[in-house]
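The values are calculated or read from the model by the stated rules, or taken from the named source; none is laboratory data. Everything quoted here is computed from the prediction, not taken from an experiment. We place every Cβ from the backbone using ideal geometry, glycine too, and count neighbours over all the protein chains shown.
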Amino acid sequence: GENVEQHPSTLSVQEGDSAVIKCTYSDSASNYFPWYKQELGKRPQLIIDIRSNVGEKKDQRIAVTLNKTAKHFSLHITETQPEDSAVYFCAARLYGNKLVFGAGTILRVKS
Amino acid sequence: GAGVSQSPSNKVTEKGKDVELRCDPISGHTALYWYRQRLGQGLEFLIYFQGNSAPDKSGLPSDRFSAERTGESVSTLTIQRTQQEDSAVYLCASSLAQNYGYTFGSGTRLTVV
């Protein structure tokens, strides 16, 4: 079955620096890759997503890149702010609309 | 409704008892999903409903777990003879169709004592 590996498990950055989280997937048929942000005690919320016919997508300070050949995709956050501190999950879609999630990355932005 | 609604928000139950968790998806969303999140861990797929198709039950961890959904409305996840390892947050999500992202509910925090 599909497997999604996510690195690093924890990431500390200084406010204003950039943060990068990377994920790899195993099933070459996967065609949709969302990223979710989960603040402590709250529900996961979709922050950005990318489909397999696109190599990069940007939304203000957040961008996602996809390398289909290497089967990996990355989340880039620029000019980090304390409110970016949360757990971030990547996911890959299999058949139908079932998402397989990575294990998560705890991002801490130090002010 | 405006979002995915789950109830109860918290449930404490004794080991061996049955529990029923409810999810009310966004109106018009044909797909509904249940995930489990243990403390400090990722999201573990349990079951997926798409319209009137047979559900994908491949993530249910044992036969103590079952779920139902009538049409495109409310879903219930039932855990029979609960065990301590069932303690987790159970998250429900819905999506408009097969090619859309998920909207998650706030979850039900289940504690088995």
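A:Leu46 fulfils the conditions (1) in contact (Cβ under 8 Å) with a residue 24 or more places away in the chain; (2) out of contact with any Ser or Thr (no Cβ under 7 Å at 6 or more places or on another chain); (3) within 14 Å of chain B (Cβ to nearest Cβ) except for a single criterion, (1). Checked against the criterion of being facing chain A (nearest Cβ under 10 Å) and surrounded by fewer than 16 Cβ atoms within 10 Å (Cβ to Cβ), the candidates B:Gln84, B:Gln41, B:Gln37 yield just one match: B:Gln41. Only residues that are over 18 Å from B:Arg36 (Cβ atoms) and more than 8 Å from chain A (Cβ to nearest Cβ) were counted in the range B:91-112, giving 1.
In this structure, does B:Tyr90 turn out to be at pLDDT below 95 and closer than 17 Å to A:Phe101 by Cα? It is false that B:Tyr90 is at pLDDT below 95 and closer than 17 Å to A:Phe101 by Cα.
Do we have A:Ile21 as within 14 Å of chain B (Cβ to nearest Cβ), at pLDDT 95 or above and crowded, with 18+ Cβ neighbours inside 10 Å here? Taking the combined requirement at face value, the residue satisfies it. The set of residues from the range B:57-81 being within 12 Å of another protein chain (Cβ to nearest Cβ) and either modelled with pLDDT of 95 or more or closer than 17 Å to B:Cys23 by Cα (or both) comprises just one member, B:Lys57. Only one of the numbered conditions (1) within 29 Å of B:Ile47 (Cβ to Cβ); (2) over 10 Å from the mean Cα position of the chain (by Cα); (3) surrounded by 12 or more Cβ atoms within 10 Å (Cβ to Cβ); (4) without any contact (Cβ under 8 Å) to a residue 60 or more places away in the chain is not met by A:Lys58, and that is (1). The residues on offer are A:Leu40, A:Leu46, A:Leu94, and the sole one that is within 15 Å of the chain's Cα centre (by Cα) and either within 20 Å of A:Glu2 (Cα to Cα) or not polar (S, T, N, Q) (or both) is A:Leu46.
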